[in-house]
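The values are calculated or read from the model by the stated rules, or taken from the named source; none is laboratory data. Keep in mind that what you see is a predicted model, and the values were worked out from it rather than measured. We place every Cβ from the backbone using ideal geometry, glycine too, and count neighbours over all the protein chains shown. The area values use the complete protein model at the heavy-atom level, side chains included, leaving out ligands, DNA and RNA. Shrake-Rupley method; radii C 1.70, N 1.55, O 1.52, S 1.80 Å.
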Amino acid sequence: MAAISMRNIVKRYSDGYQAVDNVSLDIADGEFVILVGPSGCGKSTLLRMIVGLEDITSGDMMIGDVRVNQKAPRDRNLSMVFQNYALYPHLTVFENIAFPLRLRNTPDAEVRERVRTAAELLQLTEHLDRKPAHLSGGQRQRVAMGRAIVRKADAFLFDEPLSNLDAKLRGQMRTEIARMQKRLGTTTVYVTHDQTEAMTLGDRIAVLRRGVLQQVGTARQLYEEP
Ligand code: ADP
Ligand code: ADP
């Protein structure tokens, strides 16, 4: 059974614009899939439909064996990292990462344990008492990731999380994200318009153009073979 299964997904916005055109895609449990394509091709729309932040016009969205078309985001158990990783400025790094657990009234001891584990994975252990304003861009980005991975989610969804970082940091973070995903083994869908990111991250690449899924395969299959 696929972790995430999309069947003939269509999105037509209220102004009539069709942003996603009959997309079908199965994502295996633990798989890291990159959704790549030029700006405006419908990547964010598709990701937002997986999370439930956008209604599906037609088609079926399955998480495991549950059809989630009508389910609110809070009933899907997914974790998303946005391009503009809004951190809470008045909270420390620790409390920013802990936030999703606090919302669920997780016991303190478990919060400490989980935040510590996430912070270690993301090399934030020394910064847990600091406020976001005093962190570098890369560190803030890690805090946003920490907030996403701190809770056991069925999948992580990343929407161009590195686009605000400089090229050097982006390369470094790519490596870290790939490593983190393998360590956690959590199903991941990662949206980017960056070919390099698509080729170096993830198990499989799905290429979207004008709302249509054009190709799906490994980097090798898509970019190296004649
Ligand atoms: P991408 O993430 O690939 O850049 P988006 O999913 O954000 O693309 O957008 C896909 C298309 O849908 C774009 O042409 C965009 O203008 C359009 N679109 C996005 N949001 C809306 C909306 N709320 N209403 C109408 N059209 C939208
Ligand atoms: P609140 O619970 O305070 O109303 P929100 O309105 O931000 O918080 O979100 C409600 C629920 O929807 C959250 O508890 C969360 O599980 C889910 N949710 C909202 N946004 C996202 C997202 N981007 N990714 C995953 N889940 C989300």
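Observations
- In terms of distances greater than 30 angstrom between alpha carbons, the cross-link table entries LYS131/LYS168; LYS71/LYS168; LYS43/LYS168 yield LYS71/LYS168.
- Enclosing the Cα atoms of segment 21-63 in their convex hull gives a volume equal to 87 cubic angstrom per residue.
- With Cα atoms, 0 to 90° folded angle of helix 108-121 axis to the chain main axis: 70
- HN-Hα J in Hz across segment 83-88 - Karplus 6.51, -1.76, 1.60, θ = phi - 60°, x for Gly and Pro: 4, 9, 5, 5, 9, 7
- Accessible area per residue, Å², segment 91-226 with all protein chains present, probe 1.4 Å: 50
- Phi to ³J(HN,Hα) by Karplus 6.51 cos²θ - 1.76 cosθ + 1.60 over segment 140-149, Hz, x for Gly, Pro: 4, 4, 5, 5, 4, 5, x, 5, 6, 8
- Compared with the dominant principal axis of the Cα atoms in the chain, helix 167-184 is inclined by about 90°.
- Scaled against the 2.2 N^0.38 Å expected of a compact globular protein of N residues, the Cα radius of gyration of the chain reads 1.01.
- Based on the convex hull around the alpha carbon atoms, segment 143-195 presents an average projected area of 3.7 nm².
- Backbone HN-Hα couplings from phi across segment 124-138 [Karplus 6.51/-1.76/1.60, Hz, Gly and Pro as x]: 10, 3, 6, 10, 4, 8, 8, 9, x, 4, 9, 9, 6, x, x
- Size descriptors for segment 89-165: radius of gyration and Dmax over Cα atoms are 11.9, 35 Å.
- Between the amide H of TYR190 and those of VAL33, ILE34, LEU35, PHE158, distances stay under 5 Å, these residues lying 5 or more places away or on another chain, with hydrogens modeled in the peptide plane.
- Segment 20-93 versus segment 142-220: alpha-carbon centroid distance in Å: 13
- Per-residue SASA entry for ARG12, accessible area with 1.4 Å probe, Å² rounded to 10: 120
- Solvent-accessible area, 1.4 Å probe, carbon plus sulfur percent, for the chain: 46
- Over segment 1-128 - Rg/Rh using Cα atoms and the Kirkwood inverse-distance radius: 1.03
- Both radii are taken from the alpha-carbon atoms of segment 104-226; with Rh as the Kirkwood radius, Rg/Rh is 1.02.
- Per-residue ellipticity at 222 nm from helix content only, as computed over the chain with -39500 (n - 2.57) for each DSSP H run of at least four residues, stands at -9500 deg cm²/dmol.
- Per DSSP, loop trypsin sites (Lys or Arg not before Pro) in segment 54-85 with at most 14 further Cβ within 10 Å: LYS71
- Amide hydrogen proximity for ASP26: with H placed 1.01 Å from N in the peptide plane, the residues at 5 or more positions away or on another chain lying under 5 Å are MET6.
- Other residues with beta-carbon under 15 Å from the beta-carbon of ASP55 carry, at +1 per Lys or Arg and -1 per Asp or Glu, a net charge of +2.
- Cα-only radius of gyration and Dmax that characterise segment 53-135, units Å: 16.2, 47
- Think of the chain as a dipole: +1 on every Lys or Arg Cβ, -1 on every Asp or Glu Cβ, centred on the Cα centre; then among LEU213, TYR88, MET62, TYR88 lies furthest on the positive end.
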